[in-house]
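Only one structure is covered here, and it is reproduced in the block below.
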Amino acid sequence: MSKTNQSPGAPAATLQQTGRSVRLSGLSKHYGDFAAVDGIDMDIRAGELLTLLGASGSGKTTTLSMIAGFTTPTEGTVLIDGEEITRVPPHKRNLGMVFQHYSLFPHMNVRTNVEFPLKQRGVPKAERRRRAMEALEVVELAHRAQARVTELSGGQQQRIALARALVFSPSVLLMDEPFGALDRALREKMQMEVRRIHRELGVTVVFVTHDQQEALTLSDRIAVFERGRIEQVGTPEDLYERPASLHVATFLGESNLLPGTVDGGVFVTRSGSRLSAGSAENGPATLVVRPEHVRVQPATGTGAGIAATVGEVVYLGADKRLVAVTADGEITARIAAAEGYRPGDDVRLGWEPGAAAVFPG
Amino acid sequence: MNQRTPVRLPLALWAGVTALLLVAPTLVVIPLSFTERRSFSFPIEGWSLQWYERFFTDPRWYGALGTSIAVAIGAALVATVAGTLAAIALDRARLRYGWLIRALLLLPVVVPQIVAAVAIFGTYLGWGISGTPLGLLLAHIVLAIPFVVIPVSTALQSFDPTLERAAAVLGAGGWGRFWQVQLPLISPGVITGFVFAFVTSLDEVVIAYFLQTPTLRSLPVQMYSSVTVETDPTIAVASSLMLVFSTIVILLPRFFAARRRRLLKAKETP
């Protein structure tokens, strides 16, 4: 892999295109009484990489399946560039798709797999071959064109599947947990590959995953799914810094949760500590604060905050992870590596009023 | 994995002996067909092609061979197409009474042939196709369908349905998906089905006996009839020929598979 840093602009040129937009409008899928997808509205912008993020059973895969045309919606419409395709069969939608288990055709070699979509479109043999080889160059596997697919590793197979999904310049590329079967190192490499290809080709990508780290790494925007509905759509930064719900706050990244009640703008923890609640309404609530926003001070310091004892300090190189034991449970903080707290030290924990979010429930 | 282990040779010997025990009684007909005498006596004292000459000059014999092969090829072709389509429908449609339809399709295997023969004979008398090639062909098709449905259903179970989805989203319509993806991947089951269907028809004697006329006799019926009238080694010729044809049909797919593998290998190594 001596050419990992090269930018294969030339071979990608013919695959370059303008991505199309996708609009989901009032989309639902019911199975009997169960709503797998429950009336979602979403605009996927032309050329963006949007991730559908959620646990299994949250409706993200059903949504992708309705975009692909494998599942017929109970209600609502799917539009690509304003054109309704809700009931158009999959083979007439001109979408590229990559599946979790590669789904390469085992009776064809690498090149004929990549030629397959071109063959369906009546592209003459010579041109088919040329374009397949170009697509294979984009995923850096042109030298394996004659190999049987079963001889390739999982990562290579998924790159072939990617080449096959891109070779006919589809308007939208769908990816259904494509790296779930790969080990961590390979998964990260493939994520960078998808970012590069997305940037170079300009195709619209809809990416399904349950892995929040993958969603944060890849996405222009993320849609968080929960029980068939979209909880929040936004950039990774939006979702991380300004989560719209407790679920989003806990699903993305690490969070500290403090149960308590809100009373007139003050959040009171179960043990009685009083903290700012911002504009939250009165009633039972949960306060959420990210570890990197928690400030640790010596117990001698004055002012508001929660009294705690240092339980554990883990050195992580760039910083330290400090777990403090409070009367309301453990709170994790990220502190500078130079800080010298030791287990057993008495400390006081605090944060900027804007850094914590309070959600009802 | 243990291709090179010492177990391989004894195992091969053992398999060879078992195979010989199974096949040897059948192979006796081959030397018998070349005997000089007009009896089935062993050991064979002199060799001659006279029984082959008799077989291929007597229209009753070579005509029966032609009928048998024509019906077997026709029945195997139709049963393979119908059985494959039926297996696919049962696999994908998730019909409410799919199990019942499957059981009905497989019924010819369990119904005693003599019962089936009487039933078919009775029905054909009403339809007026008893004793016609069409009647024999239809009966053999029905008989052969289970032998196609079974291996094709097995092949379909190991067929990954997401491959069809992949083919669909990449632009293949129903026909394209069937011809380019599904059929090639289940073809071992389809070929097995064809072979079994062919051999079943070639070998079938009970129904063919009921439906026979002096001008329409399959080879097994001719053999059976001839034994009751005269016993000469022409019947050994007929047996040898049937043996040869069945063996060819069973080995052909293996031969082609091996050839294709060799070609693929040759292609890969630059």
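Taking a cut-off of 14 Å between Cα atoms, list the aspartates and glutamates near A:K320, but don't count ones fewer than 8 places away on the same chain.
The reachable aspartates and glutamates, counting only those whose Cα sits under 14 Å from A:K320, are A:E292, A:E312, A:E339.
Sort out for me the Cα centre separation of region A:160-217 from region A:310-325, rounded to whole Å.
Taking the Cα centre of region A:310-325 as reference, the centre of region A:160-217 is 35 Å away.
Local charge sum around B:P188 (other residues, Cβ-Cβ under 13 Å, Lys/Arg +1, Asp/Glu -1)?
Details: positive: B:R254, B:R260, B:R261; negative: none.
Once all neighbours under 13 Å are counted, the net charge is +3.
Rounded to whole Å and sorted largest first, what semi-axes of the equivalent ellipsoid does the C-alpha gyration tensor of the protein assembly as shown yield via the square root of 5 times each eigenvalue?
Details: eigenvalues 1035, 148, 133 Å².
With the √(5λ) rule applied to the protein assembly as shown, the semi-axes are 72, 27, 26 Å.
Nearest 5 percent is fine: what portion of the DSSP beta bridges confined to chain A is antiparallel?
Working: 61 of 79 bridges.
The answer is about 75 percent antiparallel.
Given that compact globular proteins tend to follow 2.2 N^0.38 Å, what is the ratio of the alpha-carbon Rg of region A:255-360 to that value?
1.05
Residue by residue, what Karplus-based ³J(HN,Hα) values in Hz, rounded to whole numbers, does region B:18-33 have, using 6.51, -1.76 and 1.60 with θ = phi - 60° and x for Gly and Pro?
3J(HN,Hα) across region B:18-33, in whole Hz: 4, 4, 4, 4, 6, 8, 3, x, 5, 5, 4, 5, 5, x, 4, 6.
Could you go through region B:197-210 in sequence order and give the Karplus-derived ³J(HN,Hα) for each residue, using 6.51 cos²θ - 1.76 cosθ + 1.60 with θ = phi - 60°, rounded to whole Hz, and x for Gly and Pro?
4, 4, 5, 4, 5, 4, 8, 6, 10, 5, 5, 4, 5, 5
Under a Cβ-Cβ cut-off of 9 Å, what is the net charge of the residues other than A:T72 that fall near it, where Lys and Arg count +1 and Asp and Glu count -1?
Working: positive: A:K29, A:R87; negative: none.
Residues near A:T72 contribute +2 overall.
Using only Cα atoms, locate the centre of region B:83-112 and the centre of region A:70-132, then give the distance between them in Å, rounded to an integer.
Here the answer is 32 Å between Cα centres.
Which whole-Hz ³J(HN,Hα) couplings does region B:227-240 yield from phi under the Karplus relation 6.51 cos²θ - 1.76 cosθ + 1.60, θ = phi - 60°, glycine and proline marked x?
Values per residue, Gly and Pro as x: 4, 6, 9, 9, 10, 10, x, 4, 5, 5, 4, 4, 4, 4 Hz.
If you place +1 on the Cβ of every Lys and Arg and -1 on the Cβ of every Asp and Glu, how big does the dipole about the Cα centre of region B:122-270 come out, in debye to the nearest 20? The partial results should precede the final answer.
Working: 10 positive and 7 negative charges, 167 e Å.
Result for region B:122-270 is approximately 800 debye, rounded to the nearest 20.
Mind listing the long-range amide H neighbours of A:N256? Cut-off is under 5 Å, sequence gap 5 or more, other chains count too, H placed in the peptide plane at 1.01 Å from N.
A:V289, A:R290
So, how do all the Cα-to-Cα distances of region B:45-87 break down into 10 Å bins, in percent, from 0 on up?
P(r) over region B:45-87, rounded to whole percents: 25, 28, 22, 16, 8, 1.
Could you work out, residue by residue across B:170-178, how many beta carbons of other chains sit within 10 Å of that residue's beta carbon, and then give the average as an integer?
Values: counts 20, 16, 6, 5, 2, 0, 4, 2, 0.
What the average comes to for B:170-178 is 6.
Within a Cβ distance under 15 Å of A:A163, other residues only, what is the Lys/Arg minus Asp/Glu net charge? Provide the component values of the computation, followed by the final result.
Numbers: positive: A:R111, A:K119, A:R128, A:R129, A:R130, A:R131, A:R144, A:R159, A:R164, A:R196; negative: A:E115, A:E134, A:E137, A:E140, A:E193, A:E200.
Local charge sum for A:A163: +4.
Over the residues of region A:95-226, compute the C-alpha Rg and express it relative to 2.2 N^0.38 Å.
1.02
Is there a simple number for the mean count of other chain Cβ atoms within 10 Å of the Cβ of residues in A:139-146, and what is it? Mind showing how you got there, number by number?
On the way: counts 0, 0, 0, 0, 0, 0, 0, 5.
Counting other chains' Cβ atoms within 10 Å and averaging over A:139-146 gives 1.
Taking all pairs of distinct Cα atoms, average 1/r, flip it, and tell me the Kirkwood hydrodynamic radius of region B:111-270 in Å to one decimal place. Could you put the intermediate results ahead of the total?
Working: mean 1/r = 0.0529 Å⁻¹.
Roughly 18.9 Å, rounded to one decimal.
Mean residue ellipticity at 222 nm from the helices of chain B, using -39,500 (n - 2.57) per DSSP H segment of n ≥ 4 over the full residue count, to the nearest 500 deg cm²/dmol? Intermediate results must be reported in sequence, preceding the final value.
On the way: 13 runs with 207 residues, N = 270.
Dividing the helical sum by the residues of chain B leaves -25500 deg cm²/dmol.
So what is the 222 nm mean residue ellipticity for chain A from helices alone, if each DSSP H run of at least 4 adds -39500 (n - 2.57) and you divide by all residues, rounding to the nearest 500 deg cm²/dmol?
Working: 9 runs with 88 residues, N = 361.
Taking each H run of at least 4 residues, the total per residue is -7000 deg cm²/dmol.
Pick out, from A:I44, B:P25, B:L90, the residue whose Cα sits farthest towards the positive end of the charge dipole of the protein assembly as shown, with +1 on the Cβ of Lys and Arg and -1 on the Cβ of Asp and Glu.
Checked the options; the winner is B:P25.
Might you report the magnitude of the Cβ-based charge dipole of region A:255-360 about its Cα centre, with Lys and Arg at +1 and Asp and Glu at -1, to the nearest 20 debye? Don't skip to the answer; put the middle values down first.
Numbers: 9 positive and 11 negative charges, 18 e Å.
Approximately 80 debye in magnitude.
Just name one of B:S130, B:T80, B:G66: the one whose Cα is farthest towards the positive end of the charge dipole of region B:57-268 (beta-carbon charges, Lys/Arg +1, Asp/Glu -1).
Farthest along the dipole direction, towards plus: B:T80.
On alpha-carbon atoms, Rg over Rh for chain A using Kirkwood Rh?
On the way: Rg = 24.6 Å, Rh = 23.0 Å.
My calculation puts Rg/Rh at 1.07.
So how do B:I191, A:I160, A:I40 line up by other beta-carbon neighbours within 10 Å, fewest first?
Ranked by crowding around the Cβ, least crowded first: B:I191, A:I40, A:I160.
Determine the alpha carbon to alpha carbon distance for each of A:K29/A:K189; A:K60/A:K189; A:K29/A:K125; A:K92/A:K125 and list only those over 29 Å. Can you show the working numbers first?
Working: A:K29/A:K189 35 Å; A:K60/A:K189 24 Å; A:K29/A:K125 41 Å; A:K92/A:K125 21 Å.
Pairs exceeding 29 Å: A:K29/A:K189; A:K29/A:K125.
Once the mean 1/r over all distinct Cα pairs of chain B is inverted, what Kirkwood radius in angstroms do you read off?
Values: mean 1/r = 0.0462 Å⁻¹.
With all distinct Cα pairs of chain B included, I get 21.6 Å.
Only the coordinates and a few stated rules stand behind these numbers; no lab work does. None of the values given here were measured: they were computed from a predicted structure. Please note: Cβ atoms are built from the backbone with ideal geometry, for glycine as well, and neighbour counts cover all protein chains shown.
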